[in-house]
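Undergrad: Provided herewith is a single structure, encoded as structure tokens, for subsequent inquiry.
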Amino acid sequence: PPWRRRGTGVVLLAEWFVRDFGTRNSRPRRVLRDWAREQFRQHSFPGKVRELKAVVELATVLADG
């Protein structure tokens, strides 16, 4: 189903990608902040799951804290 019909599923998946990326790459534990969760909920994400994963991994690498 399209992301707009998945509700909070996109947030749960993004959080899982953050944890998984950190574990696989021996990086410090990261979490999505409330404002990031809200952005995922509001954004009409046009992509597929693998595109969401790429966006989350890039954000994890570029994050300050």
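The values are calculated or read from the model by the stated rules, or taken from the named source; none is laboratory data. What you see is a predicted model, and the numbers here were worked out from it, not measured in a lab. We place every Cβ from the backbone using ideal geometry, glycine too, and count neighbours over all the protein chains shown. Please note that ligands, DNA and RNA were not included when accessible areas were found on the heavy atoms of the full protein model with its side chains. Shrake-Rupley method; radii C 1.70, N 1.55, O 1.52, S 1.80 Å.
Undergrad: Could you please find all residues in segment 1-13 being open to solvent by less than 40 Å² (accessible area, probe 1.4 Å) and at pLDDT below 80?
TA: Hit for segment 1-13 is Trp3, nothing else.
Undergrad: Continuing with this model, one more query. Do you know which residues across segment 14-42 are open to solvent by 40 Å² or more (accessible area, probe 1.4 Å), small (Gly, Ala, Ser) and under 12 Å from the mean Cα position of the chain (by Cα)?
TA: Within segment 14-42, no residue meets the criteria.
Undergrad: List pairs: first in segment 48-65 and closer than 12 Å to Arg27 by Cα, second in a helix (DSSP H, G or I), Cβ under 6 Å, 6+ apart or cross-chain?
TA: Hits for this filter: Glu57/Phe21; Thr60/Val18; Thr60/Phe21.
Undergrad: Specify the residue that is most open to solvent (accessible area, probe 1.4 Å); the eligible residues are those in segment 43-58 that are touching a Leu at 6+ places or on another chain (Cβ under 9 Å) and closer than 13 Å to Phe21 by Cα.
TA: Step by step, filter segment 43-58, then rank; the result is Lys53.
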